[in-house]
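Q: For reference, the structure I am asking about is given below.
The values are calculated or read from the model by the stated rules, or taken from the named source; none is laboratory data. In this text the structure is predicted, and so the values were computed from the model without any measurement. So basically every Cβ, Gly included, is an ideal-geometry build from the backbone, and we count neighbours across all protein chains shown.
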Amino acid sequence: MLSAVSPKKMPMILQNIKRVLKPNGYVLFRDYANGDFAQVKLQDKNRMISEDFYVRGDGTCSFYFSEDFLSKLFFGAGFKIIDIDTYCKEIENRSRNVTMERRWIRAIFSSFERDIPDSI
């Protein structure tokens, strides 16, 4: 769901998530990745609001994440990267004779505080 909000508001959203995250909790992330077929279509239709941020025909927004952007965003909000990968899948629509490259970014983050020993 993070892709639906303005990149300017993302740090505030992550601070709210961090505030309610249970001790030793994790954030499991899955969202659109840069280069997704939908992003390419939005570029072709001149729907860009800002870099990697687009408005769809129905008025909703979508941001397409790179691993670098996502890492910096979560690190800046005080999270540690446990794992991050971009997954690609080619999907074929035989009736329209279209092959689409879909891309998702998946990641696991944890809070920095969980690495501090209780004895300090």
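Q: Of the residues Ile82, Ile105, only one is modelled with pLDDT of 95 or more and surrounded by 15 or more Cβ atoms within 10 Å (Cβ to Cβ); which?
A: After applying the criteria, what remains is Ile105.
Q: Looking at the stretch 40-60, can you tell me whether even one residue there is farther than 20 Å from Ala4 by Cβ, modelled with pLDDT of 90 or more and within 15 Å of the chain's Cα centre (by Cα)?
A: No; the residues of the stretch 40-60 include none that is farther than 20 Å from Ala4 by Cβ, modelled with pLDDT of 90 or more and within 15 Å of the chain's Cα centre (by Cα).
Q: Still on this structure, I have one more. Do we find a residue being surrounded by 15 or more Cβ atoms within 10 Å (Cβ to Cβ), free of Cβ contacts under 8 Å to residues at least 12 places away in the same chain and outside any helix (DSSP H, G or I) anywhere in the stretch 40-57?
A: Within the stretch 40-57 (the criterion being surrounded by 15 or more Cβ atoms within 10 Å (Cβ to Cβ), free of Cβ contacts under 8 Å to residues at least 12 places away in the same chain and outside any helix (DSSP H, G or I)), the answer is yes, since at least one residue qualifies.
Q: Which of the residues that make up the stretch 61-97 are in a loop (DSSP other than H, G, I, E, B) and either more than 30 Å from Gly25 (Cβ to Cβ) or more than 13 Å from the chain's Cα centre (by Cα) (or both)?
A: Ala77, Gly78, Arg94, Ser95, Arg96, Asn97
Q: Considering each of Gly25, Gly35 in turn, give the residue that is in contact with a helix residue (DSSP H, G or I) (Cβ under 9 Å, 6 or more places away or on another chain) and surrounded by 12 or more Cβ atoms within 10 Å (Cβ to Cβ).
A: After applying the criteria, what remains is Gly25.
Q: Taking Asn16, is it exposed (fewer than 12 other Cβ atoms within 10 Å of the Cβ), without any contact (Cβ under 8 Å) to a residue 40 or more places away in the chain and on the phi > 0 side of the Ramachandran plot? Walk me through how you get there before you give the answer.
A: Working: exposed (fewer than 12 other Cβ atoms within 10 Å of the Cβ): yes; without any contact (Cβ under 8 Å) to a residue 40 or more places away in the chain: yes; on the phi > 0 side of the Ramachandran plot: no.
The answer is no for Asn16.
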